[in-house]
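Contents: one structure, followed by commentary.
Every number here is computed from the coordinates shown, using simple stated rules; none is lab data. Just so we're clear, the structure is a prediction, and the values are computed from it rather than from any experiment. No Cβ is skipped: glycine too gets one built from the backbone with ideal geometry, and neighbour counts run over all protein chains shown.
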Amino acid sequence: MTITIENVIELINGLNDPKLNKHYENKLEEITNEIGFGVVLAKLASDKQFDMVHRQFSGILLKKYISKHWNEFNDSQSDEEGDDNLNEHEKIQLQQMKLQQQQQQQPKEYRVLTKEEKTEIKKLLSPCLSDPSSKIRTAIAMCIAKIGAYEWPHDWPELVDELIGCLNRVNNNDTNNNNNNDLLHGVIRCLELLCDPQDGNISEEQIEILIKQVYPVFSELLGKDIDPMIHIRIINVFRSTVTHLTYMKGVTKGLSKALFPFISTWVPIFTGHLSRVLDLGSPHINHYFTIMSAMVEIFTMLIQDFPKKTSKYIQEILPPIWTLFNNCYPIYEKVEINPVHGIVSNFVEEGITKIDRLVSSIFDFMQQIVSNQTLAPLFKPFLKPIFANSIQYMQMNYELVELWDSDPNLFLENEDDTTYTPRVVSTSLVQSMCETYKSEGSKYLFEVISETLIKAQEEKNKNSKNTNSWWKIREAALVALCDSSQQLSKIKQFDAVSFLSTNLIQDFQGTLNENDQGSLILRGRSLICASKFAKLVDPSISLPFFNQAVVLITQNIPVTLKLTAVMAIGSFAPKISAQSIVDYIPSTVQALISMINQLSEDSLLLVLDCIKMLVKIDKDITGKLEPLLIPHLSQAWINYGNDPMFSDALKEIFQIICACPKSYPGILQRMIPTLNIILSDYTNPMYNPIADSAADVLSLLIANVDQQIDSFLLDQLFSPILNILLTCDCQANRGILKASLCTLLPFVYKTSSDLLLKWTFTSASNTQSATPPTPTPTTTTINGLHGLFLVLRRVLFETDELVHVEVPSIISALLVKHSEIIGAQTVPLFESTLQAFYNCKLPSTKRAFSSVFARLIIQHKTTIIDYLAAIPGPNGNGSALVFVLNEWQKYHLEMTSKLENNVSVVAMCTLVSLNDPRLESINIDGRQIIPDRSTRDIRRKKSQYNGGLNEEWTKVNLFNKIMENLLETVKLEKEELAKNSNGTANSTPQDHHDSDEDYDDDEDEDDEDDEETTSKRYPNVDENGFAPAEEYAHMIDYAGDDDNDDLAQYLQDEFTEDAFEIISKSDPIYHIELLKYLSDFFTNLSKNSPSIFTIVAPLLNEFKLQSFGN
């Protein structure tokens, strides 16, 4: 097939047509291997007779074509840099193309271009760098740079020389000539793309050669008064190279050696640019801002990563940047804070930045100086003016003020401490200065903040139209105060009590005026500020501010102010005594819930974090709020489940509510429909992202249910879990598989044996299985017990040990709760379990399987020993009994849960009490032998032939090993007892939240008591929303002498129990007092097991057992 330009134009038109796009995508793939296709693309891109759109698109297709066809090692997956030159519609089309290509299952083999085709393409492209259209020049430059990455310097050695020659010719002629200017831009753009190491096109070797050949020419051009866009492209190359160098400094040395000789050349050129007098009337002012910010960023990276090599230039670099730091503010204020209309265009072309980027880069540079121990003394004499200047730049610019009113999400995003804005970076500098200059820095900062607040008040008192932005100065001072609260709280000059009660309270005077944006912003900022210092003041000072935050979220005010109040509540809560805020919880949670439907996803995270903090405070209150919480949160879960952060936040709240006894039985009624929908249709894209979280929540929900499971719950919740485990793809759905497996445990514990046998469900067919077949019939009705066994066998056969680790606890639960009905299923299950135990490698999995056999020894004693003794061990070596005993004793001391540890101890004592003579002759692993280095090297070489390095252990008698483990357990138990005694010596039960027993079981009486005390506990506020401190006295007394430093510590581990930990507490073995149990065991050992006592007596004497009771 002969490809023509008309064919390519038709192809481009089809690709740009949404209705025809897919058809022409396939057509493109069909003709891409045709001989001459690349040449035709080059002809179209280079021919000025055709319109620019087709030429540009042809150039982009050619660049991608080169990536796939120029050599046999294509790098098509990294081709994305050309997309920036397209409009939005074109970008969408190309994104669709990429997506469809990624979805193709089979990789396509691409024909490599012939030498003649390559020569023709290069010949067509080279003259087009002088094209009048910047888009065409860029498209051509991309193609040449891509070819250069493959062929220069070996197969196209003249490329760079010719480009530099063009620069020299243009440089020596009139650059104002249009043709010369176009060529200059084209060549520079080509070199920019070729030299950029971050594009990943060229090797380190090529970069080093380019630095030596191209950088001298670039440096010369940078020193000339030419089109600033040329300077921007050159400085972008320098910045990209330095950035690459900082990333690769630990890997490459050659690049550093090639680059650093040019630093001495750059410094005078850079300082010349940075010393430019800035004229807002210049049409290129934003170009100059761009050049200067890039130069400052280069110096910043060099100081950060190469301080020794760069420090000798600091005396030349610092003066112009220091001058900019001191002189830029008037310009910044006119452009960004209180903009003068028309003074600078807000529109900037691609690749151009405004003054905010320059200011941010200056602050970033200064922070590197401050963070450097050698350079930090340079700024010590100027701390106060630096702080003063920094606070000026912290003011909200006009865009942020507009966002506060129009887009709360974007406002919060811009306030995030990871954004690169003058407000954020200046704040970071202030924090670094306080950390570096310690109390001296903090003292000067507080002086500056105090002076700034006075200045703001003076501006406000002028009562002039020109002073309506006084609040921005005050707000900036409060930002500095908030973000440096930890440092300021350590200096004696700062009086938190006085500041909150006399200064911050000013922002709450008068009624709330929705039209006064400045006062609203200040009110929110003061709440945040007060919350930062709540720990330093008496609750009577901080509670009024907390109360104000609660009031604000209930009012009809701008959403951003509500969100600020939410942040303040979340910040107050860990710093105020929990009991002081108990009375606020119901109304606050209700207000927060009402906000859910008003907010978008990003803002909702703030609300959820605040709800999570509040529902942790009191289990009874949270339980009573369950009817309000669950319906709204469940709907939000469905709506926003695709966001992992949002889903995780909701999951944590659900877990907390599940742990509250008074949530039941209502939570079951309200959660069942949601969980059933999600789990029954977990493959649905809407539910799939939250299916594993749903299983986790269900696990806790059932674990906390204080009742027997009935058939309705099994139908609605257990059935979908079983079907997930029987049908899901074990590799593609590992998350939901593991979560569902964990959910089986509480069902096994809470369902009666009779119901487990009688209840039936319809199991779906399993079409995923590819390993040893599970005996699951296709769509049949089976009972619950049989379904459990099918699931366990499938998991053990078809998954790896990262999933297997969840199985042993379920088997143990079956043994504890349903041993009388297991019957004939026992042997096949144990065979599967034993085989999985043989194959596992991870200590966590070995511990888990060991616990199952420990439980069997407790329950079945000699029977299980006979059973294991008759079965061969792994690979036919020894018996299963020796293997199990060996692994169990090896990992006993690594048991992580209390129940597993107790079961293991009881099983060991049971094993000894059997007095089985067969066991006396068994030797197992004692201690691991750690070889010297030379021996390890020999073994490592041998292991290459044996498939792995085998560990070597000493051998000891089984009962000696058991005694070692038991004695070590005694030691650990004593240490834990002593630790707990010391930890609770200074605490009282009142230090914790009221327990369930502290509340009357009669809900009506609780409600009545609430009504009687409400009027007593809520303070009488004045017209500004504040009350005298004495109004809060009863709330402080109610809190007692609680001196908790942090609510997170106050609630530590309160809601962190998983289903296994909850269920474990229902097992009698969990509650055994090990020290007493083992004391009795050792006391009676010689009488009950005399032959074994004889074996272990030397060991017992060594450990001085006679001191056991001390």
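Please check which bits of the range 408-446 a label hung off Ser600 would reach, taking the label as a point 7 Å along Cα-to-C-beta and the cut-off as backbone N under 11 Å.
408-413
Using amide H atoms built 1.01 Å from N in the peptide plane, name the residues 5+ places from Gly926, or on other chains, whose amide H lies under 5 Å from its own.
It is Thr954, Lys955, Val956, by chain and number.
Take the alpha carbon gyration tensor of the range 644-717, find the square roots of its eigenvalues, order them as a ≥ b ≥ c, and report rounded if a/c is under 1.5; if not, report prolate when a/b exceeds b/c, else oblate.
Since a/c reaches 1.5 but b/c is at least a/b, the shape of the range 644-717 is classed as oblate.
Using the Cα centre of the range 711-840 as the reference point, and only Cβ charges (+1 on K/R, -1 on D/E), how large is the resulting charge dipole? Debye, rounded to the nearest 20.
Roughly 160 debye, rounded to the nearest 20.
Computed FRET efficiency, Cβ-Cβ of Ile35 and Trp156, R0 22 Å: what is it to the nearest 0.05?
It comes out at approximately 0.50.
List, in the order given, every pair from Lys562/Lys619; Lys490/Lys616; Lys738/Lys971; Lys758/Lys846; Lys974/Lys1087; Lys575/Lys974 whose Cα-Cα distance in the structure shown is over 32 Å.
On the way: Lys562/Lys619 26 Å; Lys490/Lys616 30 Å; Lys738/Lys971 35 Å; Lys758/Lys846 34 Å; Lys974/Lys1087 25 Å; Lys575/Lys974 35 Å.
In this structure, Lys738/Lys971; Lys758/Lys846; Lys575/Lys974 exceed 32 Å between Cα atoms.
Roughly what would the spin-label model give for Ala824 and Thr511, points 7 Å off Cα along C-beta, in nm?
8.4
Classify the range 603-688: rounded, prolate or oblate, from the alpha-carbon gyration tensor (a ≥ b ≥ c, eigenvalue square roots; a/c under 1.5 rounded; otherwise prolate if a/b is larger than b/c)?
oblate
Compute the distribution of all C-alpha to C-alpha distances in the range 711-840, in bins of 10 Å from 0, and list the percent of pairs in each, rounded to whole numbers.
P(r) over the range 711-840, rounded to whole percents: 12, 48, 36, 4.
Between Ser428 and Tyr247, what length in nm is gained on full extension when 0.36 nm per residue of separation is reduced by their alpha carbon distance?
That works out to 62.9 nm of additional length.
Could you order the peptides 290-302, 1065-1077, 800-812, 680-692 from most to least packed, using the average number of other C-beta atoms within 10 Å per residue?
Per-residue mean Cβ counts within 10 Å order the peptides as 290-302, 800-812, 680-692, 1065-1077.
Tell me, in nm to one decimal, what length is gained between Ser203 and Gln716 on full extension, where the rule is 0.36 nm per residue of separation less the Cα-Cα distance?
Length gained between Ser203 and Gln716: 178.7 nm.
Once the Cα atoms of the range 200-319 are picked out, what are the Rg and Dmax in Å?
Taking only Cα atoms of the range 200-319, I get Rg and Dmax of 14.5, 46 Å.
For the range 209-349, what is the charge dipole size about the Cα centre, in debye to the nearest 20, if Lys and Arg each add +1 at the Cβ and Asp and Glu each add -1 at the Cβ?
760
Which entries of Lys257/Lys308; Lys384/Lys455; Lys63/Lys122; Lys146/Lys224; Lys146/Lys257 show an alpha-carbon separation above 18 angstrom in the structure shown?
With Cα atoms farther than 18 Å apart: Lys146/Lys224; Lys146/Lys257.
For a Förster distance of 56 Å, can you work out the FRET efficiency between the beta-carbons of His23 and His786, rounded to the nearest 0.05?
On the way: r = 52 Å, r/R0 = 0.94.
Working from the Cβ atoms, E equals 0.60.
Where a ≥ b ≥ c are the square roots of the eigenvalues of the C-alpha gyration tensor, would you call the range 782-865 rounded, which needs a/c under 1.5, or, failing that, prolate if a/b is larger than b/c, or oblate?
Working: a/c = 1.84, a/b = 1.14, b/c = 1.62.
Verdict is oblate for the range 782-865.
State the answer as a single residue: which of Gln731, Val807, Ser752 lies farthest towards the positive end of the charge dipole of the range 711-840, with beta carbon charges of +1 for Lys and Arg and -1 for Asp and Glu, about the Cα centre.
Ser752
Residue separation times 0.36 nm, minus the C-alpha to C-alpha distance between Val112 and Glu1061: what's the value?
Fully extending the segment from Val112 to Glu1061 adds 335.4 nm.
Suppose each label sits 7 Å from its Cα in the direction of the beta carbon; what would the His1071-Ala1097 distance come out to in nanometres?
3.9
Take the residue pairs Lys750/Lys898; Lys48/Lys68; Lys43/Lys249 and return only those whose Cα atoms are more than 32 Å apart.
Distance filter (> 32 Å) returns Lys43/Lys249.
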